[in-house]
Amino acid sequence: MSAGSAKSLDKGSAPPGPVPQGLIRVYSMRFCPFAQRTRLVLQAKGIRHEVININLKNKPEWFFKKNPAGLVPVLENNQGQLICESAITCEYLDEAYPEKRLLPADPYEKACQKMVFELFSKVPPLVGRFIRSKTKEDRSGIKEEFRQEFSKLEEVLTNKKTTFFGGNSISMIDYLIWPWFERLEALELNECIDHTPKLKLWVAAMRKDPTVSALLTDGKTFQGFLNLYVQNSVEACDYGL
Amino acid sequence: MGEDASRSLGKGSVPPGPVPEGLIRIYSMRFCPFAHRTRLVLLAKGISHEIININLRNKPDWYYTKHPFGQIPVLENSRCQLIYESVIACEYLDDAYPGRKLYPYDPYERARQKMLLELFYKVPHLTKECLVALRCGKECCDLKLALREEFCNLEEILSYQNTVFFGGDCISMIDYLFWPWFERLDVYGIADCVNHTPALRLWIDAMKQDPTVCALLIDKNIFLGFLNLYFQNHPDAFDYGLNC
């Protein structure tokens with residue numbers, strides 16, 4: 001199934017051939033939270049796929065033909081169709097592979113998941129800012145912003161009275177927001193969910209999910225990657241291999 | 001169908017009752033481009049609806065029970081379910097109501113329309129900034145340049161596809177999601193931003209032939225009247241052009 005531990009392809013590498021019959025390909029990077037969304041959905045739905053990791057610090061020229069923006073994740077099927085933007089790839093997979101639906105069939109429940117997704121949208125850029133922050137004051141300010149964003153999500157869980165964001169079973173919205181919560185511990189941001197007990201319980205429940213745990217990256221490895229990544233090292237993306 | 005000729009509700013207004021069975025309600029404002037998207041979809045799909053216009057400069061307190069920040073559009077159905085964000089509302093309508101589907105059935109084609117929407121994301125902000133700059137007598141060359149660049153990206157798509165509309169040879173969801181800002185180019189004073197994009201101009205002409213687009217086309221003089229009052233911070237701006 002997935003070779004998520006394959007060495008990344010970089011500048012000068014030969015472009016990969018066509019996608020084999022019966023598989024879908026994801027261009028990814030082992031530590032990218034956006035690509036992790038797509039890999040979670042592939043895993044949760046049991047979709048046969050292959051993973052090609054891209055060295056994001058030294059991108060192959062051919063990769064810009066897959067996505068002019070040069071970003072991961074990108075899906076490629078054996079009809080040569082390319083799908084970009086993580087949330088769009090996840091929805092595409094749910095529609096193209098109808099077994100084990102992750103989005104609800106009910107139009108209102110589906111809309112609710114998209115509204116929660118919007119509520120979450122400030123978190124990824126905040127993580128980016130936090131990683132690049134230079135001073136203790138900056139970090140303190142950003143932590144406060146995290147608390148505010150997490151309170152919004154706490155309110156959703158409080159109103160719904162369910163374990164997960166889509167109900168009492170894990171579903172699409174949980175997978176879409178999970179990658180950033182997985183990284184909280186390694187980033188020493190766990191304190192930011194101290195005042196949001198339901199969110200804390202959700203994090204614990206997510207860690208027990210078989211799909212989430214199959215794709216979990218341990219904190220130390222992530223930190224090793226991050227150190228190299230912020231220094232723009234071309235070795236970052238293959239850390240730990 | 002839905003009459004958009006109702007005066008906007010402001011602070012102190014009585015909250016509307018529950019949505020009648022068989023209708024869906026949209027909280028809107030006659031000149032808002034985001035709400036315009038949803039009104040286009042309601043009409044295109046022939047969905048029975050009622051419109052409640054909100055005075056955006058003097059929002060009723062009850063409106064914050066419909067949207068946490070008092071934004072429009074918001075859909076409310078007869079089960080008291082609320083849906084907001086214009087794109088989410090449009091998709092909800094396409095999913096929930098039978099008949100003509102505005103999004104394609106094919107998952108890849110659906111994904112393509114959503115990727116196209118990503119290409120569009122800077123346009124609303126840029127057009128608004130141009131409008132504000134021009135209205136305040138400021139320069140907006142850089143803004144117009146940036147907007148033209150965005151339009152070039154869209155032009156490239158139409159040229160590459162060699163289709164009239166963004167989703168193919170028939171009008172579909174993505175066209176309706178883009179349209180409101182193109183309808184406003186003229187009245188905002190930035191119609192020259194499509195001077196170098198012939199395929200986009202053809203698309204605009206084709207859109208103006210669409211019965212749904214036509215039915216909701218806002219009269220230029222009324223729009224200008226609204227803009228004049230809006231930029232003077234006049235409390236009745238949102239109701240400009242309504243018969244008393």
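The values are calculated or read from the model by the stated rules, or taken from the named source; none is laboratory data. None of these values were measured; they are calculated from a predicted model. Here Cβ is always computed from backbone atoms with ideal geometry, including for glycine, and neighbour counts include all displayed protein chains. Ligands, DNA and RNA are stripped out before the accessible areas are found, and what is left, the full protein with its side chains, is counted by its heavy atoms. Shrake-Rupley method; radii C 1.70, N 1.55, O 1.52, S 1.80 Å.
Things to note:
- The stretch A:123-212, relative contact order in percent, only Cα pairs under 8 angstrom and at least six apart counted: 29 percent
- Values of log10 I(q)/I(0), in the order q = 0.15, 0.18, 0.21, 0.30 Å⁻¹, for the stretch A:71-126 under a Debye, Cα-only, solvent-free model: -0.55, -0.76, -0.94, -1.19
- Within a Gaussian network of chain B (alpha carbon springs, distance under 10 Å), most fluctuating of B:Cys130, B:Cys141, B:Cys90: B:Cys141
- Accessible area (Å², 1.4 Å probe, nearest 10) - B:Tyr84: 50 Å²
- Check: the stretch B:149-244 dipole with +1 on Lys, Arg Cβ and -1 on Asp, Glu Cβ, in debye: 160 debye
- Rounded, prolate or oblate (a/c below 1.5 giving rounded, otherwise prolate when a/b exceeds b/c) for the stretch A:1-57 by Cα gyration tensor: oblate
- The protein assembly as shown - share of DSSP beta bridges that are antiparallel (%, nearest 5): 55 percent
- Contact order for chain A, expressed relative to its length and based on alpha carbon pairs under 8 Å spaced 6+ residues apart, stands at 21 percent.
- Pairwise label distance in nanometres, B:His196 with B:Asp142, each label 7 Å out on the Cα-Cβ vector: 1.8 nm
- Heavy atoms of A:Ser233 accessible to a 1.4 Å probe, total area in Å² rounded to 10: 20 Å²
- With the convex hull of the Cα atoms taken as the outline of the protein assembly as shown, the averaged projected area works out to 24.8 nm².
- Rounded to 0.05, the FRET efficiency of the B:Thr65 and A:Glu144 pair, given R0 = 35 Å and the Cβ-Cβ distance, is 0.80.
- For the set A:Tyr229, B:Tyr108, A:Tyr175, the ranking by accessible area, highest first and with no ligand, DNA or RNA atoms included, is A:Tyr229, B:Tyr108, A:Tyr175 under a 1.4 Å probe.
- Both the radius of gyration and Dmax for the stretch B:37-128 are 14.9, 44 Å, in that order, over alpha-carbon atoms.
- Gyration tensor (alpha-carbon) shape descriptor, the stretch B:15-89, a/c threshold 1.5: oblate
- Helical segments meeting 18 Å axial Cα length and Kyte-Doolittle -1.0 threshold in chain A (DSSP H): A:107-120
- If you sort the three axes of the alpha carbon gyration tensor as a ≥ b ≥ c, you get a/c of 1.5 or more for chain B and a/b no higher than b/c, which makes it oblate.
- Size check on chain A: the Cα extents along the three principal axes, sorted descending, read 50, 46, 28 Å.
- The calculated FRET efficiency for the pair A:Lys7 and B:Asn243, based on their C-beta separation and a Förster distance of 56 Å, comes to about 0.20.
- Of all DSSP beta bridges in chain A, antiparallel share, percent nearest 5: 55 percent
- The stretch A:1-67 versus the stretch B:92-133: alpha-carbon centroid distance in Å: 27 Å
- Summing Cβ point charges (Lys, Arg +1; Asp, Glu -1) relative to the Cα centre of the stretch A:134-185 gives a dipole of roughly 40 debye.
- The convex hull built on the alpha-carbon positions of the stretch B:83-147 has an orientation-averaged projected area of 6.1 nm².
- Rounded to the nearest 20 debye, dipole of chain A from Cβ charges on Lys, Arg, Asp, Glu: 240 debye
- For residues of A:116-125, the mean tally of beta carbons on other chains within 10 Å: 1
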